[in-house]
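A.B. asks: The structure follows.
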Protein chains: 2
Amino acid sequence: MAQAKESRADQLLETATLLFKEKGYHNTSMQDLADALGMQKGSLYYYIDSKEELLRELLEQATSILGAQIDEIYAADLSPGEKLQRALENHGQAIMDHLNLVTVYLQEYRSLPPERLQEALATREHYERRLMQILQDGIASGQFRQVDVKMTVFGFLGMLNWTHQWFSPEGELTSGEIAVILADLAMQAVSVNPET
Amino acid sequence: MAQAKESRADQLLETATLLFKEKGYHNTSMQDLADALGMQKGSLYYYIDSKEELLRELLEQATSILGAQIDEIYAADLSPGEKLQRALENHGQAIMDHLNLVTVYLQEYRSLPPERLQEALATREHYERRLMQILQDGIASGQFRQVDVKMTVFGFLGMLNWTHQWFSPEGELTSGEIAVILADLAMQAVSVNPET
């Protein structure tokens with residue numbers, strides 16, 4: 001019974017992700033969701049209190065997937081270069097492995113109610129700050145050249161985030177391979193002694 | 001009279017850009033446009049035949065701004081490094097200086113009718129191919145290291161395109177300054193003898 005509820009709830013999140021992505025959050029009704037799942041609208045409320053709760057849950061999922069391990073990586077006994085490479089590879093792979101969820105996140109996070117939006121922005125800023133600290137540490141240790149750390153982090157995240165516009169799971173390279181290539185470009189962009 | 005028509009037409013394009021950006025192309029009606037412009041709906045047709053023509057015109061504008069000078073740069077008597085830097089700086093600045101238009105382009109180019117979509121995609125591919133050729137030339141001449149030229153171009157364009165998500169004209173740095181910083185990161189990422 002518990003398992004049936006769980007898999008139904010997962011299915012609900014997955015269907016909501018697809019509908020929000022295609023129609024937008026505001027244009028998707030609980031009725032649309034019920035129809036897509038072949039359920040009675042009333043039964044939906046057994047799983048979820050409101051459409052807003054659904055959006056919140058999806059965006060929390062996205063945030064936790066994208067932010068996973070950043071604190072761990074930052075605290076790890078690794079050089080700034082190793083930390084940066086690991087963080088960027090994780091980020092790129094997470095984007096490409098959760099294309100629908102990431103698209104909803106990017107399109108809809110502004111639809112969150114104000115206090116939740118504040119939380120989401122704070123989580124994102126914490127993540128960006130960690131990356132800036134890693135860059136700063138690498139500059140201090142002489143491993144990285146002097147760069148504008150904020151612009152560099154925004155540039156690198158852009159390179160990785162943009163994959164959601166063009167990555168195809170049916171393409172020649174896997175998400176993991178592409179993440180390695182893009183993280184390598186970023187590493188070369190800031191390293192004092194890049195491989196040639 | 002001709003001038004009045006022209007400036008009205010410009011105003012129409014600008015207003016359409018804003019409405020398409022905020023409500024989406026499909027959710028914007030000719031009536032919405034007329035209301036926003038304080039015009040009769042019937043008068044709109046003096047300037048434009050259809051909503052579709054409006055979208056086409058906006059997307060052509062975006063394509064021509066983004067693609068401007070790529071053939072010129074490619075054919076110029078410059079090293080591959082100089083060409084790449086110039087092309088990337090142009091691209092970044094064009095994105096940041098036309099945020100609304102670029103957002104509509106990215107959100108709505110799939111709304112074009114099939115034959116126009118084909119044209120738009122062909123223009124984009126031509127642009128990407130030119131950048132790949134510049135990279136390839138630089139690898140052949142020994143100025144750039146061996147990289148996957150396709151992934152590298154997609155990565156660099158992502159870094160620049162993503163600025164439309166975060167750039168603010170009220171921020172500390174101008175679009176021109178940011179374009180130079182990001183193009184420099186890209187140059188360092190591929191150069192065999194980067195500055196340190």
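A.B. asks: Provide B:Val104, A:Val153 in ascending order of the number of other Cβ atoms located within 10 Å of each residue's Cβ, fewest first.
C.D. replies: Placing the least packed residue first, the sequence is A:Val153, B:Val104.
A.B. asks: If you take each beta carbon of peptide A:79-90 and count the beta carbons of other chains within 10 angstrom, what is the mean?
C.D. replies: Mean number of neighbouring Cβ atoms from other chains: 0.
A.B. asks: Between Rg and the Kirkwood Rh of the range B:1-116, both from Cα atoms, what is the Rg to Rh ratio?
C.D. replies: Looking at the range B:1-116, the ratio lands at 1.07.
A.B. asks: Per residue of A:162-169, count partner chain C-beta atoms within 10 Å of its C-beta, then hand back the mean as an integer.
C.D. replies: Going residue by residue through A:162-169 and averaging, the value is 3.
A.B. asks: Under 17 Å from the Cα of A:Lys23, which aspartates and glutamates turn up, not counting those fewer than eight places away in the same chain?
C.D. replies: Leaving aside aspartates and glutamates fewer than 8 places away in the same chain, those within reach of A:Lys23 are A:Glu14, A:Asp32, A:Asp35, A:Glu52, A:Glu108, B:Glu22, B:Glu108.
A.B. asks: Shortest first and in nm with one decimal, please list how far the A:Gln69 label point sits from its counterparts in the other copies (point 7 Å along Cα→Cβ).
C.D. replies: 4.1
A.B. asks: Tell me the label-point distance for the pair A:Ala9, B:Ser7, using the 7 Å Cα-to-Cβ offset, in nm and rounded to one decimal.
C.D. replies: The two pseudo-label positions are separated by 6.1 nm.
A.B. asks: Tabulate in residue order the Karplus-calculated ³J(HN,Hα) for the range A:59-75, using 6.51 cos²θ - 1.76 cosθ + 1.60 with θ = phi - 60°, rounded to whole Hz; enter x for Gly and Pro.
C.D. replies: Listing the rounded values in order: 6, 5, 4, 4, 4, 6, 5, 5, x, 3, 6, 5, 5, 4, 4, 4, 7 Hz.
A.B. asks: Taking a ≥ b ≥ c as the square roots of the eigenvalues of the Cα gyration tensor of the protein assembly as shown, is the shape rounded (a/c under 1.5), prolate (a/b larger than b/c) or oblate?
C.D. replies: Since a/c reaches 1.5 but b/c is at least a/b, the shape of the protein assembly as shown is classed as oblate.
A.B. asks: Further question on the same structure: Within a 10 angstrom radius of each residue's Cβ in A:177-187, how many Cβ atoms of other chains show up on average? Whole number is fine.
C.D. replies: So the per-residue partner count for this stretch is 4.
A.B. asks: With springs connecting C-alpha atoms under 10 Å apart, model chain B as a Gaussian network and identify which of B:Asn90, B:Asn161, B:Asn27 has the largest mean-square fluctuation.
C.D. replies: Most flexible of the set in this elastic network: B:Asn27.
A.B. asks: Here's something else I'd like to know. Could you calculate the FRET efficiency of A:Gln69 with A:Glu115 from 1/(1 + (r/R0)^6), where r is the beta carbon distance between them and R0 is 22 Å, rounded to 0.05? Let's see the in-between values first.
C.D. replies: Values: r = 26 Å, r/R0 = 1.20.
My answer for the efficiency is 0.25.
A.B. asks: What's the longest piece of chain B with no exposed GluC sites (Glu not before Pro), counting a site as exposed if DSSP puts it in a loop and it has at most 10 other beta carbons within 10 Å?
C.D. replies: No qualifying site falls inside B:1-169, the longest such stretch.
A.B. asks: Taking a point 7 Å out from Cα toward Cβ as the label site, list the nm distances between A:Ser50 and the same residue in every other copy, smallest first.
C.D. replies: Here the equivalent label points are 4.2 nm apart from this one.
A.B. asks: Calculate the all-directions average of the projected area of the range B:58-190's alpha-carbon convex hull, and give it in nm².
C.D. replies: The Cα convex hull of the range B:58-190, projected and averaged over all directions, gives 8.0 nm².
A.B. asks: Something else about it: How about the range B:1-100: which chymotrypsin sites (Phe, Trp or Tyr not before Pro) there are in a DSSP loop, with at most 16 other Cβ atoms within 10 Å of their Cβ?
C.D. replies: Sparse-neighbourhood loop chymotrypsin sites (Phe, Trp or Tyr not before Pro): B:Tyr45, B:Tyr46.
A.B. asks: Please give every one of the lysines within straight-line cross-link reach of B:Lys41, meaning a C-alpha to C-alpha distance under 17 Å, and leave out same-chain neighbours fewer than 8 residues apart.
C.D. replies: The qualifying lysines are B:Lys5, B:Lys51.
A.B. asks: Restricting to Cα pairs below 8 Å that are 6+ residues apart, what does the relative contact order work out to for the range A:47-196? Please round to a whole percent.
C.D. replies: Computed over the range A:47-196, the figure is 33 percent.
A.B. asks: A further question on this structure: Using a 7 Å offset from Cα along the direction of the beta-carbon, what are the separations from B:Met132 to the same position in each other copy, nm, ascending?
C.D. replies: 3.7
A.B. asks: Please state, to two decimals, what the Cα-based radius of gyration of the range A:90-133 comes to when divided by 2.2 N^0.38 Å (N = residues).
C.D. replies: After normalising by residue count via 2.2 N^0.38 Å, the value is 1.27.
A.B. asks: Work out, step by step, the length gained on full extension between B:Asp97 and B:Asp35: first 0.36 nm times the residue separation, then minus their alpha carbon distance; give nm to one decimal.
C.D. replies: Working it through step by step, the gained length comes to 19.6 nm.
The numbers here are math on the coordinates, done by the rules we state, and not lab data. Everything numeric in this text was worked out from a predicted model, so none of it was measured. When we count neighbours, we look across all protein chains shown, and the Cβ atoms used for this are built from the backbone with ideal geometry, even at glycine.
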